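*Asks:* Below is a structure I'd like to ask you about.
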Amino acid sequence: MKKIIEAKNLTKQFGDFTAVDSINFDVQKGEIFGFLGPNGAGKTTTINMLIGMAKVSSGQVFYYDENVTKIMKKAQKLIGVVADESNLYAEMNGFDNLCFCGSLYGMPKIEREQRAKKLLETFGLAEFKNRKFNAYSKGMKRKLTIAAGLMHNPEILFLDEPTTGIDVASGRHIRELIKKLNKRGTTIFLTTHYIEEAERLCNRIAFIKSGKIIKLDSVDNLLISNKEKKKIEISFAEKKFMEEELITELKANFGKLDCKILNQKTIEFSGKNDINIVPLINYLDRKEFNVLEAKVMKPSLEDVFVDVTGIELKMMKKEKEKK
Amino acid sequence: MRALIPFWSILSKDMKNYYLKPPNISWGIIFPFAWMLMMFIRTKTAINIQEVFPGIVSMSILFGTTSMLAVTITFERKARSFERLLLAPISIESLVFAKISGAILFGIFNSLIPVLVAIFYFKLNISSMFSLISGIILLSVVSTLLGLYISVAAKEVFEAQTYSNFFRFPMIFLCGLFVPVLSLPIIIRPLSFILPVTYGVDLLRNSINGIHIFQTAVNIVILLGFIVLLFTLSIYNIKKKWIK
């Protein structure tokens with residue numbers, strides 16, 4: 001496959017602080033490339049350098065093998081950007097917003113009107129085309145913002161947190177649309193803090209932490225690398241107990257296993273070898289836990305993320321949603 | 001031709017979204033009338049239109065352009081819709097030119113009210129139409145660019161308005177709007193000559209009674225110099241501050 005974007009030793013410094021530290025990666029034409037990392041890892045700064053919204057401190061950006069580091073305007077006609085906020089014009093209706101976005105790329109009136117109509121239909125917004133943007137629901141705003149990024153038919157679409165803060169149905173619809181767009185040939189550069197979303201959509205994923213890419217591989221390979229890891233979740237009737245005390249006791253008795261209390265009715269055990277479930281259940285039984293279920297868990301991208309970044313995903317999600 | 005599409009599109013969007021809104025049109029009409037009324041109350045006699053005309057026209061342009069540009073740019077920056085413009089494959093210079101064009105036209109429109117009232121109601125005799133037109137246009141451009149320069153530094157609309165007032169109010173007294181520059185104490189006169197509005201007001205004064213400090217051509221050249229300087233500085237600041 002052909003490289004559409006290549007970042008070579010890409011670095012961004014703000015004074016003494018290095019936000020992005022000499023990263024190297026490429027995005028292949030036609031793929032969905034995921035870019036994941038905790039808050040402040042350097043995701044947005046990297047994207048900003050790739051789209052021309054931030055200057056590159058050192059390193060190079062290539063689009064189709066052409067060095068555009070100093071001439072980002074040349075690359076901007078190839079890219080569509082959907083920011084993490086729905087940033088269209090509040091006072092304009094859906095149709096006019098799309099037409100305006102098309103005009104910024106030099107699209108003639110008839111062409112942009114036809115394209116806007118088509119996109120409104122694709123995104124299920126045709127009947128709301130005359131409604132002002134500020135009267136749209138959050139999900140509709142998000143869809144229209146994505147449609148605006150597609151007005152000029154870009155070869156690569158940057159999607160920054162496309163489903164954050166919207167309802168489940170809209171989120172699902174957007175994920176379906178992303179898949180459809182990709183099938184039609186649009187390359188997607190996706191950042192999200194929903195790991196399961198990245199797992200479902202992406203071909204390859206790069207994990208970034210403290211400005212450095214610490215892992216980059218296809219989703220399948222990332223999961224295989226974690227396949228050796230065994231994980232069991234044991235659920236019991238809700239019970240009050242001292243978390244730290246229980247963890248210490250479990251470690252003393254099952255030293256080879258990692259134990260994690262997920263909540264007041266679930267404990268997770270993981271290890272490199274097969275886990276014998278009987279002693280665990282017996283132990284919990286002796287401690288008067290009413291065990292209800294034991295599940296063998298498949299390795300997920302979330303485990304890979306936690307292993308690679310050392311960051312608990314729940315904390316990251318909470319932080320992001322709070323933001 | 002395709003290169004002009006974004007320009008016209010940004011300009012017509014701004015006209016529709018901001019400048020042609022009824023409150024702004026009415027502000028453009030009421031503002032000069034309010035100043036004329038103030039002059040009338042101050043003198044308690046009929047207005048000496050020759051005396052107040054340059055000041056009212058300049059005030060209408062200065063306040064109209066700087067206020068509107070501060071709102072349109074700072075508001076769009078805050079809502080992040082301005083990012084769309086920066087991401088479009090058009091040069092920053094073209095983008096800025098499109099953004100300021102609306103404010104320049106708004107400034108010219110604001111000046112038309114006192115000009116028409118002065119000519120048709122007060123029967124003001126215009127001795128140099130060229131000075132009047134060039135004064136209005138150049139003053140609109142230079143005031144808009146002052147507004148742009150201020151807007152680039154501001155993060156919030158109220159911040160932009162505060163910074164604007166910091167420049168605007170001293171200009172009322174220093175640029176010969178109502179008190180001729182040559183009547184000012186000699187020690188503060190140099191300040192008048194480093195402010196671009198002084199040269200625009202001089203053109204307007206010349207257009208009605210032929211009294212001026214500098215020749216028309218000198219005023220025009222100096223104003224054009226300020227326009228180039230402010231445009232270059234604003235572009236430099238946009239590139240430095242908004243594309244970090």
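The values are calculated or read from the model by the stated rules, or taken from the named source; none is laboratory data. As the structure is a prediction and not an experimental result, all values here were calculated from the model. When we count neighbours, we look across all protein chains shown, and the Cβ atoms used for this are built from the backbone with ideal geometry, even at glycine. With ligands, DNA and RNA removed, areas are computed over all heavy atoms of the protein, side chains included. Shrake-Rupley method; radii C 1.70, N 1.55, O 1.52, S 1.80 Å.
*Asks:* Could you tell me which residue of segment A:76-95 is farthest from A:LEU120 (Cα to Cα), considering only residues that are open to solvent by 10 Å² or more (accessible area, probe 1.4 Å) and not in a loop (DSSP other than H, G, I, E, B)?
*Replies:* The selected residue is A:VAL81.
*Asks:* Among the residues of segment A:174-198, count how many are surrounded by fewer than 19 Cβ atoms within 10 Å (Cβ to Cβ), more than 30 Å from B:PRO6 (Cα to Cα) and within 16 Å of the chain's Cα centre (by Cα).
*Replies:* Going through segment A:174-198 one residue at a time, the tally reaches 4.
*Asks:* Something else about it: Is it the case that B:SER94 is more than 10 Å from chain A (Cβ to nearest Cβ) and at pLDDT 80 or above?
*Replies:* yes
*Asks:* Of these, B:LEU224, B:LEU195, B:LEU204, which one is under 19 Å from the mean Cα position of the chain (by Cα) and outside any helix (DSSP H, G or I)?
*Replies:* Among B:LEU224, B:LEU195, B:LEU204, only B:LEU195 is under 19 Å from the mean Cα position of the chain (by Cα) and outside any helix (DSSP H, G or I).
*Asks:* Same structure, new question: Whether any residue in segment A:239-262 is open to solvent by less than 90 Å² (accessible area, probe 1.4 Å) and closer than 30 Å to A:LEU190 by Cβ is what I want to check.
*Replies:* yes
*Asks:* Just name the residue that is nearest to the chain's Cα centre (by Cα) out of those in segment A:126-148 that are under 12 Å from A:LEU88 (Cβ atoms), open to solvent by less than 50 Å² (accessible area, probe 1.4 Å) and not charged (D, E, K, R).
*Replies:* A:ILE146
*Asks:* Sticking with this one: Among (1) surrounded by 11 or more Cβ atoms within 10 Å (Cβ to Cβ); (2) modelled with pLDDT under 85; (3) more than 20 Å from A:ALA198 (Cα to Cα), where does A:LYS322 come up short?
*Replies:* The single condition A:LYS322 does not satisfy is (1).
*Asks:* Same structure, new question: What is the residue count in segment B:19-29 for residues that are aromatic (Phe, Trp, Tyr) and either open to solvent by 50 Å² or more (accessible area, probe 1.4 Å) or at the interface with another protein chain (Cβ under 9 Å from one of its Cβ atoms) (or both)?
*Replies:* 1
*Asks:* Just to be sure before I move on: is B:MET36 more than 14 Å from chain A (Cβ to nearest Cβ), within 20 Å of the chain's Cα centre (by Cα), under 20 Å from B:LEU145 (Cα atoms) and part of a helix (DSSP H, G or I) in the structure I sent?
*Replies:* no
*Asks:* Testing B:LYS99 on (1) modelled with pLDDT under 90; (2) touching a Leu at 6+ places or on another chain (Cβ under 8 Å); (3) basic (Lys, Arg), one condition comes back false. Which one is that?
*Replies:* The one condition B:LYS99 does not meet is (1).
*Asks:* While we're looking at this one, here's another question. Can you pull out every residue in segment A:158-172 that is surrounded by fewer than 18 Cβ atoms within 10 Å (Cβ to Cβ) and over 15 Å from the mean Cα position of the chain (by Cα)?
*Replies:* A:ASP167, A:VAL168, A:ALA169
*Asks:* Another question, if that's okay. Could you list, in sequence order, the residues of segment A:102-114 that are open to solvent by 50 Å² or more (accessible area, probe 1.4 Å) and part of a helix (DSSP H, G or I)?
*Replies:* Once the filter is applied, which keeps residues that are open to solvent by 50 Å² or more (accessible area, probe 1.4 Å) and part of a helix (DSSP H, G or I), segment A:102-114 yields A:LYS109, A:ILE110, A:GLU111, A:GLU113, A:GLN114.
*Asks:* Evaluate segment A:278-295: report whether one residue or more is at pLDDT below 80 and surrounded by 15 or more Cβ atoms within 10 Å (Cβ to Cβ).
*Replies:* The answer is no; no qualifying residue exists.
*Asks:* Residue by residue through segment B:96-134, note down the ones that are among the β-branched types (Val, Ile, Thr) and assigned to a helix (DSSP H, G or I).
*Replies:* Scanning segment B:96-134 gives B:VAL96, B:ILE100, B:ILE104, B:ILE108, B:ILE113, B:VAL115, B:VAL117, B:ILE119, B:ILE133.
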